[in-house]
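Report on the structure given below.
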Amino acid sequence: MSNQKKRNFQIEAFKHKVVVDPKYADKTWKILEHAIHEIYNHNASGLSFEELYRNAYNMVLHKYGEKLYSGLVSTMTYHLQEMARSIEAAQGGLFLEELNRKWTDHNKALQMIRDILMYMDRTFIPSNHKTPVHELGLNLWRDNVIHSSKIQTRLLDTLLELILRERTGEVINRGLMRNIIKMLMDLGPSVYQEDFERPFLEVSADFYRAESQEFIDCCDCGDYLKKAERRLNEEIERVSHYLDAKSEAKITNVVEKEMIASHMLRLVHMDNSGLVKMLIFDRYEDLGRMYSLFRRVSNGLSTIRDVMTSHLRDTGKQLVTDPEKLKDPVEFVQCLLNEKDKYDKIISLAFSNDKTFQNALNSSFEFFINLNPRSPEFISLYVDEKLRKGLKGVSEEDVETILDKVMMLFRYLQEKDVFEKYYKQHLAKRLLSGKTVSDDAERSLIVKLKTECGYQFTSKLEGMFTDMKTSQDTMQGFYTAYSAELGDSPTLVVQVLTTGSWPTQPSMTCNLPAEMSALCEKFRSYYLGTHTGRRLSWQTNMGTADIKAVFGKAQKHELNVSTYQMCVLMLFNTADRLSYKEIEQATGIPSSELKRCLQSLACVKGKNVLRKEPMSKDIGEEDAFFVNDKFTSKFYKVKIGTVVAQKESEPEKQETRQRVEEDRKPQIEAAIVRIMKSRRVLDHNNIIAEVTKQLQSRFLANPGEIKKRIESLIERDFLERDEDNRKMYKYLA
Amino acid sequence: MAEPSQSKIKKEEMVKLISAEGFEFVISKKAAMVSQTIRNMLTSPGSFAETEHGEVTFPEISTTILEKICQYFYWSLQYASGKETEFHIEPELTLELMMAANYLHT
């Protein structure tokens, strides 16, 4: 082959004819024009690509590019006008199909034309800043077909009409729709937007405005939301099927605005089906739907949240101020817990655990729990009840859950110190009467309180547990030391309680029976012998006793009574009849306590070991008492409770309140001093603000009280007022 | 270029290029399509005569040049697949070859 090549070697210009013929260009163009006609007439099979390409190539090469280009424009325009006429002539439903068909034809033709004119596209067009062939073809289509006066509005109307029909439930040819919309998109974003999208959005807005008006007048809130959700999904689906993906945000925006935003308030406040009703009846599905729809519009969630908050506050306020509920503290707290559970569940199931909703829930609870000044007491009573018996037979995990819930309520309390006060009282009773069910549960709660409020808060509570433990050891020591001496005298169990750790109650000693007081003296000397420098005082009001008694026909019973009751009963060892006055004198029990203890001995059916004259429900000063010989009981052991008011009575409440106030004083003072020590100089308002902030974890300090404390500190020369500015305080080291 | 080994390849995958003097070069479509122009001829929608018959006549390209061009097509495919060899061009062919390259958009 190489030989042959050598032989054929010649330098030869490309075989262009030298153009002398002025008709050359016309002739060449005629060939190309003819070819374009043939292409549009689906008659291209006989054409030689190479020939056409070469002709176009030569025209460009010989500077007839301009002629070629303008020839192309006019030929193509001619064909497109033909097509437009044929499309215009299409009847009714065939219009879109004809348009689609012609578009496909044009596209194919355009492709072929571009291929044969490629040399022009490559060289002539960029250097002369013309529109490339393909784009030119699209522009000509746009100007001659889509924007032809008879087609433009008809096309838009047809598209909108089809969409409307689809919205009303008809099935339309989505494939055709997709092609036509695709065509508009191919013609450039501005064509799609101007000739379709903008009017489409306007018509949609009108449609949904009218529809939502109709729905809202006849549907309840839940149904309306279902419909709105369905419409929204339909539009999203429509976009995915045949519209530009960029339209999704715009059309959903229209639906959101017309169907949700405009009717938001009305929906939420619908009388029998609005948000409040949904909350009351736990309509998780409806609530979830409302959440997901309202989230789409601005202020949507805050609307839901506000209504929920105000509803919560109202119901909560009713709950904490309902006198019926206040009768039973356990029930009261249980109601609060149930309410909390209910809303927790709603937020997790319907509001996707939205933090802002959780915060709203918390602030609402904080708001109404503190409306009732007795909440701290009741919460402590609830815990008391649970720790006494409520937790029997409950698994450890459940105990933890209950305690965690209680802690949650505790967190809402502003007056945590009041809770502490009550908790201490209740804990003391539990410990001393041996009523705690589970030591683990008790300790677990203490740990929780500690993590919540710090060491300081629980140190005294922990001290109580320590006392209980040491007392056991002390008693063991006592009995090892004195066992020989004691013989068969009554058994004494002493719990040594550290003053300060335990709720102090004014010591109301009574006269113990001789056997007992001798024993007590022995213990006192034993204890003081091992611990010098201490003082012991008897808290007879907190003790219990087990005594054996024989009734009428030699019936033996063991009675479990309080220390006071024991003192009373022991008197009957030496007397048959005793008047109230005599008992009071002999025992020295304060009269209110004595009445309560006599009441439980003589007036409770089945436990009336004493008989009283005259028979009545209440204890009078003139009553006389006898041993009830006819006393019977199925049980050998009889527990005689004292008639106790579980809740605090009004005066007791006042007293606790007062003690709390007293306790707060040093805390406020300490806070003031701490703050002033670091700041040296501070004005009044800032002190108040800082003190309140520091004490927030324990209680809400009253500004008036803070002011008093400041004054007191000034009196004691911790602080002084600034000479020039009376509002400023200075710290005096 | 019409080597016997390539005659086994299916007819549809081959294309015939005809020079001004009527010499026929049968090469694989893949090689021919190195030229953008030939690619368009063979792939353009609708049916041009070239697509239907699988042959293209170049009345303005001499046999010598067309042969060199076909050699170049195959070389180019190899080069694109990583085999870096030199493609030798005789100086006397350069001008014509360049014009043909412009025409074929290669």
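The values are calculated or read from the model by the stated rules, or taken from the named source; none is laboratory data. Since the model is a prediction, treat every value here as computed from it, not as a measurement. Here the Cβ positions follow ideal geometry from the backbone for every residue, glycine too, while neighbour counts run over all protein chains shown. Quick note on the areas: whole protein, heavy atoms, side chains included, nothing else; ligands and nucleic acids left out. Shrake-Rupley method; radii C 1.70, N 1.55, O 1.52, S 1.80 Å.
Would you mind calculating the relative contact order of chain A from Cα pairs under 8 angstrom and at least 6 residues apart, reporting the percent as a whole number?
6
Please find the FRET efficiency linking A:Ala481 to A:Arg443, where r is the Cβ-Cβ separation and R0 is fixed at 25 Å, and quote it to the nearest 0.05.
0.20
Relative contact order (percent) for the range A:270-332, with alpha-carbon contacts under 8 angstrom and 6 or more residues of separation?
24
Could you pull the Cα extents of the range B:4-104 along its three principal axes, largest to smallest, in whole Å?
Sorted from largest, the Cα extents of the range B:4-104 read 38, 31, 27 Å.
Label 7 Å along Cα→Cβ of B:Glu24; the range B:58-93 residues with amide nitrogen under 15 Å?
B:58
Taking beta carbons within 10 Å but only from partner chains, what does the mean come to for residues A:41-54?
6
Please report the antiparallel percentage of the DSSP beta bridges confined to chain A, to the nearest 5.
85
With +1 on the Cβ of every Lys and Arg and -1 on the Cβ of every Asp and Glu, and nothing else charged, how large is the dipole of chain A about its Cα centre, in debye rounded to the nearest 20?
Here the size comes out at about 1420 debye.
Viscosity 0.890 mPa s, temperature 25 °C: give me the Stokes-Einstein translational D for chain A in µm²/s, with Rh taken as the Kirkwood radius over C-alpha pairs.
The estimated diffusion coefficient comes to 68 µm²/s.
Just to be sure I understand: with springs between alpha-carbon atoms less than 10 Å apart, which residue in B:Gly82, B:Gly22, B:Gly54 has the highest mean-square fluctuation in the Gaussian network model of chain B?
Residue with maximal mean-square fluctuation among B:Gly82, B:Gly22, B:Gly54: B:Gly82.
Against the longest alpha carbon principal axis of chain A, how many degrees, from 0 to 90 and to the nearest 10, is the axis of helix A:650-679 turned?
For helix A:650-679, the angle is close to 60 degrees.
Just to be sure I understand the model, the point goes 7 Å from the Cα along the line to the Cβ. What's the resulting A:Arg674 to A:Lys581 distance in nm?
Spacing of the two 7 Å Cα→Cβ label points: 5.8 nm.
Using DSSP to define loop residues, name the GluC sites (Glu not before Pro) in the range A:579-630 whose beta-carbon has at most 10 other beta-carbon atoms within 10 Å.
Sparse-neighbourhood loop GluC sites (Glu not before Pro): A:Glu621, A:Glu622.
Would you calculate the volume per residue, in Å³, of the smallest convex hull containing every Cα atom of the range A:625-733?
Each residue corresponds to 191 Å³ of Cα convex hull volume.
Quantify, in whole percent, the carbon and sulfur part of the accessible surface of the range A:665-708 (1.4 Å probe; protein heavy atoms only).
The value for the range A:665-708 is 51 percent carbon and sulfur by accessible area.
Among A:Ala360, A:Ala25, A:Val171, pick out the residue whose Cα is farthest towards the positive end of the charge dipole of the protein assembly as shown, where Lys and Arg carry +1 and Asp and Glu carry -1 on C-beta, about the Cα centre.
About the Cα centre, the residue reaching furthest to the positive side is A:Ala360.
Which whole number gives the average, over all residues in B:57-66, of C-beta atoms from other chains lying within 10 Å of the residue C-beta?
4
Let me know the mean shielding of B:47-54 by other chains, meaning the per-residue number of their Cβ atoms within 10 Å of its Cβ.
The mean count of partner-chain Cβ atoms within 10 Å per residue comes to 5.
Name the long-range amide H neighbours of A:Leu682: under 5 Å, sequence gap of 5 or more, or other chain; modelled H, no Pro or chain starts.
For A:Leu682, whose amide H was placed from the backbone, the distant partners under 5 Å are A:Tyr729.
Round to the nearest 10 and give me the degree value, 0 to 90, for the angle of helix A:439-453's Cα axis relative to the longest principal axis of chain A.
Once rounded, the angle reads 60 degrees.
Given a cut-off of 22 Å, name the pairs among A:Lys67/A:Lys150; A:Lys421/A:Lys639; A:Lys548/A:Lys639 whose C-alpha atoms lie farther apart than that in the structure shown.
Long pairs (Cα-Cα over 22 Å): A:Lys67/A:Lys150; A:Lys421/A:Lys639.
Among A:80-86, A:566-572, how do they line up from the highest to the lowest mean number of other beta-carbon atoms within 10 Å?
Ranked from most to least packed, the peptides come out as A:566-572, A:80-86.
Enumerate lysine pairs in chain B that are 8 or more residues apart or on different chains, then count those whose Cα atoms are under 16 Å apart.
Taking chain B as the scope, the lysine pair count is 10.
Taking only Cα atoms and a 10 Å spring cutoff, compute GNM fluctuations for chain B and point out the largest among B:Ser81, B:Ser47, B:Ser19.
B:Ser81
Which of the aspartates and glutamates could a cross-linker span from A:Lys522 if the Cα-Cα distance has to be under 15 Å and same-chain partners fewer than 8 positions apart are dropped?
A:Glu485, A:Asp488
With everything on Cα atoms, drop me the angle between helix A:65-89 and the longest principal axis of chain A, reported from 0 to 90° to the nearest 10.
On a 0 to 90 degree scale, this one is about 70.
Compute the longest continuous run of chain B that contains no exposed trypsin sites (Lys or Arg not before Pro); treat a site as exposed when its DSSP state is not H, G, I, E or B and it has at most 15 other Cβ atoms within 10 Å.
B:11-82
Return the value, in Å² to the nearest 100, of accessible area buried between chains B and A (probe 1.4 Å, both sides summed).
3100
Regarding the range A:458-563, what are the three Cα extents along the principal axes, ordered largest first, in Å?
Largest first, the range A:458-563 extends 53, 31, 23 Å along its Cα principal axes.
If you take the alpha carbon radius of gyration of the range A:543-639 and divide it by 2.2 N^0.38 Å, what ratio comes out, to two decimals?
0.98
Go through A:188-195, A:89-96 and give me the packing order, highest mean Cβ count within 10 Å leading.
A:188-195, A:89-96
Compute the normalised compactness of the range A:24-146: alpha-carbon radius of gyration over 2.2 N^0.38 Å, N being the residue count.
Normalised Cα radius of gyration, the range A:24-146: 1.08.
At a Cα cut-off below 22 Å, give the lysines reachable from A:Lys345, other chains included and same-chain residues fewer than 8 away excluded.
Here the lysines satisfying the reach criterion relative to A:Lys345 are A:Lys226, A:Lys277, A:Lys317, A:Lys355, A:Lys405.
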